[in-house]
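Notes follow once the structure below has been shown.
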């Protein structure tokens, strides 16, 4: 079985919200200085899902695919250290500032070019834009089924079986391979690479493809081909001022809170 | 103004879902004198057509078929393509629900257009829909516009005002045949296990009491449940708590869980990571109890107590009972 995991490189947003800044003229986030680029969290869970399948069937090949700047090589290396076999880096000036339709087009075209791919794994959404549509887009463009928001991923006899997370429960769905699955944090913690694996990862092959390698050009990837535009990006302002309860003891503070809530007719 | 808007409705236990009513209200507001169409896809959903008309729909398109009794991407996509063709509306709205999360992007890509997921505000700019959505884990807002046709968006629960219900409103109900092509159905639903919500439903609750990882263990949720029961509130939890399996995932409040907008949201031992705030920032009043005075949750809170929950909760439950009793 050949699995492709799509991994996006994002700045590490696990930072205090006060460090979060937007350049409103450019409609872009200003990455805080010193913040590392990391794989988008749900994508690392995707790598974990693929590695669990490889644990069960060791002849499985896992390819990590990432689109972005040359520095996206680092997130590929991290996934390779988790045990993946090889990487594909999609890098080109034309790949910058794409919408989700174009992103799905690039990724699905690259997956087709790899040939013989049975399963594509994506995170349920990227932690920057939180849109959550790329997995469905790739599936639609490949004409494959997509099973979204999975917490457990199994493959047996050419059938993908996924336990999906619903708002009020779970469901188990199946589809024949080839297929796409997107995974959620309920799948569990991703494994940490061992030192030896990190060293081995440095030797693993990373193929680099540009737009021309995929037969794509400005007519599909240019701004004019976008199906979605960003009009404005901003930080919402909160004008709430917290009133802290006073009291010499926790009991007093608790009583003061109950009084305040009653006065405000909230209880 | 939009000439017409298609709202993809959902029926839960025989009733039109609240998010559908919200979207009908939004569609009515955005379309002005234009046509608001409500699609009802499922089995036994036709009876809800009149409710959709009362809430603002001018026409209802019903696809009622036993094969659509439960959501399946492949069968619903087939039905949805027929509905979209019948309605030929330039704007299609879905709820940001289990169905909307899965079906809206699939429909958008099938129709070679774009989709704005999880919008919290909708406005018209000429004939283009502007959707405002939280992103960067709730730290930022983006305003997006779909440049393809139709323009598709999903709408977050509790983000839109309901239209006033008017049972005298008139509208048409059109039934179309599902005629599901089973040969094109590749996805099979094997099993669905619901988490039966005891007590008050989280998304509908007027008061929510949530606990975070700072509680230290699942056993300490007792105080959350006791305060919730004293207030007639629903119980929520942070993602960390659900990932640790202290609480069921159905109680998760946040970006990837439930979005709640109660009158009163009490966050106990929750630091207020932006992905949690994405799920509760629509609350009218937030109360935070946390021993860390610098916790982010206090930035959104109206009232706060800086103290260890273990010392505050028991007296708080007593004091609340007294206030309610008195």
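The values are calculated or read from the model by the stated rules, or taken from the named source; none is laboratory data. Just so we're clear, the structure is a prediction, and the values are computed from it rather than from any experiment. Positions of Cβ are backbone-derived with ideal geometry, glycine not excepted, and every protein chain shown enters the neighbour counts.
In table form, for the structure just shown:
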item: Some residue of segment B:223-232 being outside any helix (DSSP H, G or I) and within 14 Å of chain A (Cβ to nearest Cβ); result: yes
item: Test set (1) within 14 Å of chain B (Cβ to nearest Cβ); (2) surrounded by 20 or more Cβ atoms within 10 Å (Cβ to Cβ) - residue A:67 fails condition number; result: (1)
item: Matching residues, segment B:239-276, being closer than 16 Å to residue B:303 by Cα and not in a loop (DSSP other than H, G, I, E, B); result: B:264, B:265, B:266, B:267, B:268
item: Unique match (being without any contact (Cβ under 8 Å) to a residue 12 or more places away in the chain, within 7 Å of chain A (Cβ to nearest Cβ), over 16 Å from residue A:136 (Cα atoms) and over 16 Å from the mean Cα position of the chain (by Cα)) among B:142, B:164; result: B:142
item: Pair list, Cβ under 6 Å, 6 or more apart: segment A:74-85 residue in a loop (DSSP other than H, G, I, E, B), other residue at pLDDT 95 or above and surrounded by 21 or more Cβ atoms within 10 Å (Cβ to Cβ); result: A:82/A:47; A:84/A:62; A:84/A:64; A:85/A:62
item: Failed criterion for residue B:174 (all others in (1) in contact with a helix residue (DSSP H, G or I) (Cβ under 9 Å, 6 or more places away or on another chain); (2) more than 16 Å from residue B:30 (Cβ to Cβ); (3) assigned to a loop (DSSP other than H, G, I, E, B); (4) more than 7 Å from chain A (Cβ to nearest Cβ) hold); result: (3)
item: One residue from B:185, B:207 being under 24 Å from residue B:159 (Cβ atoms), within 10 Å of chain A (Cβ to nearest Cβ) and modelled with pLDDT of 95 or more; result: B:207
item: Of residues in segment B:295-326 being part of a loop (DSSP other than H, G, I, E, B) and facing chain A (nearest Cβ under 9 Å), the one surrounded by the most Cβ atoms within 10 Å (Cβ to Cβ); result: B:301
item: Some residue of segment A:131-147 being within 21 Å of residue B:155 (Cβ to Cβ), within 7 Å of chain B (Cβ to nearest Cβ), assigned to a helix (DSSP H, G or I) and at pLDDT 95 or above; result: yes
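For (1) within 41 Å of the chain's Cα centre (by Cα); (2) facing chain B (nearest Cβ under 7 Å); (3) crowded, with 17+ Cβ neighbours inside 10 Å, each residue gets a yes or a no:
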site	(1), (2), (3)
A:212	yes, no, no
A:234	yes, yes, no
A:237	yes, no, no
A:248	no, no, no
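This table checks each residue for (1) closer than 30 Å to residue B:295 by Cα; (2) surrounded by fewer than 14 Cβ atoms within 10 Å (Cβ to Cβ); (3) within 12 Å of chain B (Cβ to nearest Cβ).
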| site | (1), (2), (3) |
| --- | --- |
| A:193 | no, no, no |
| A:204 | no, no, no |
| A:216 | no, no, no |
| A:224 | no, yes, yes |
| A:227 | no, no, yes |
| A:231 | no, no, yes |
| A:253 | yes, no, yes |
| A:258 | yes, no, yes |
